[in-house]
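Chemist: Take a look at the following structure, please.
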Amino acid sequence: MNDARRIARELREAAARLKSAAVWKGSDLAVDAAKDSYVFELLCYFNVALAAKERFAVSLDGKLESRKGGKFVARWPKSPGHKGNFSYLRLKSEAGNEYQLCPGIEIEDKHGKSRAPDVNLLAGSAGSSPSYRDLLACWDAKYSENTAAPLADQAVADFIYTYQQLGKPELPAAWRSLVRGAPYERSGIFTNAQRSSERDEAFAENGLAETSGFPHSPRTRP
């Protein structure tokens, strides 16, 4: 529970650093990340945005909620949904490279099935119903109440399959040259648990990374 509350606190701090909105569907963020794994998912999402913020201008886009006084706040999904119903972050570099960083929205895979990784980097021109052709990278958040235990291999296998069905997107050179940090240099898994028993070679073969101990003491492999 201590780790869960720490994650919830870090989520609020990350949201404040982004200055985009620390509001979820018009209500305060959940406190209990042990019961609400989407808190960890959004923390992972914001951490990718913070890594990009060093070299990209970050602005709020997509579906917003209006508040009294003409104020607008972000609307983040608690479960997979249509992109047009939620907010996302638009990233733009000084050189004009532009991307959309979206939370767990539905993306059509190469066979027409909807899939929803927790963090998705889309081309800047992606529309309201994106497909794998718009996807440049994706990350999945795997929260565990037991941070001392290894991540289950099944969780790794599930993400590898999802990544394959989404066409195994590769990050553009412009992103790799600007965004620093091993967890953000390729698609992969973020978990607060320990590393899985999958071998480094399995991740390398699929072009993926696994970051364990996230976000307090992250260790990325291969």
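Chemist: Just to be sure, is Pro77 within 13 Å of the chain's Cα centre (by Cα) and modelled with pLDDT under 95?
Modeler: Details: within 13 Å of the chain's Cα centre (by Cα): yes; modelled with pLDDT under 95: yes.
Yes.
Chemist: Looking at (1) modelled with pLDDT of 95 or more; (2) small (Gly, Ala, Ser); (3) over 18 Å from Glu185 (Cα atoms); (4) in contact with an Asp or Glu (Cβ under 9 Å, 6 or more places away or on another chain), which one does Gly112 not meet, given that it meets all the others?
Modeler: Failed condition: (4).
Chemist: Give me the residue from the stretch 139-162 that is out of contact with any strand residue (DSSP E or B) (no Cβ under 6 Å at 6 or more places or on another chain) and aromatic (Phe, Trp, Tyr) and, out of that set, surrounded by the most Cβ atoms within 10 Å (Cβ to Cβ).
Modeler: Tyr143
Chemist: Among the residues of the stretch 129-153, count how many are among the basic types (Lys, Arg) and in contact with a Leu (Cβ under 9 Å, 6 or more places away or on another chain). It would help to see each step written out before you state the result.
Modeler: Of all residues in the stretch 129-153, those among the basic types (Lys, Arg) come to 133, 142.
Subsequent filtering for residues that are in contact with a Leu (Cβ under 9 Å, 6 or more places away or on another chain) retains 142.
Within the stretch 129-153, residues that are among the basic types (Lys, Arg) and in contact with a Leu (Cβ under 9 Å, 6 or more places away or on another chain) number 1.
Chemist: Return the only residue of Leu121, Leu136, Leu171 being within 18 Å of the chain's Cα centre (by Cα) and buried (at least 22 other Cβ atoms within 10 Å of the Cβ).
Modeler: One residue alone meets the criteria, Leu121.
Chemist: Another one. Against the conditions (1) over 13 Å from the mean Cα position of the chain (by Cα); (2) modelled with pLDDT of 95 or more, where does Arg9 fall short? Just the number, please.
Modeler: Result: Arg9 fails condition (2) only.
Chemist: If you don't mind, another one. Just give me the residues in the stretch 55-74 being open to solvent by 60 Å² or more (accessible area, probe 1.4 Å) and touching a residue at least 40 places away in the same chain (Cβ under 8 Å), in sequence order.
Modeler: Hits for the stretch 55-74 are Arg55, Arg67.
Chemist: Let me ask something additional. Residues of the stretch 75-116 being open to solvent by less than 70 Å² (accessible area, probe 1.4 Å) and in contact (Cβ under 8 Å) with a residue 60 or more places away in the chain, which ones?
Modeler: Ser87, Leu89, Ser93, Asn97, Tyr99, Pro103, Gly104
Chemist: Within the stretch 179-206, how many residues are closer than 19 Å to Asn120 by Cβ and either touching a strand residue (DSSP E or B) at 6+ places or on another chain (Cβ under 6 Å) or free of Cβ contacts under 8 Å to residues at least 40 places away in the same chain (or both)?
Modeler: Selection size over the stretch 179-206: 8.
Chemist: Would you be able to say whether some residue in the stretch 52-60 is farther than 17 Å from Lys168 by Cα, in contact with a Leu (Cβ under 6 Å, 6 or more places away or on another chain) and part of a strand (DSSP E or B)?
Modeler: yes
The values are calculated or read from the model by the stated rules, or taken from the named source; none is laboratory data. Computed from a predicted structure; not experimentally measured. Heads up, the Cβs are rebuilt from the backbone with ideal geometry, glycines too, and the neighbour counts pull from every protein chain shown. Surface accessibility is based on the protein's heavy atoms, side chains included, excluding ligands, DNA and RNA. Shrake-Rupley method; radii C 1.70, N 1.55, O 1.52, S 1.80 Å.
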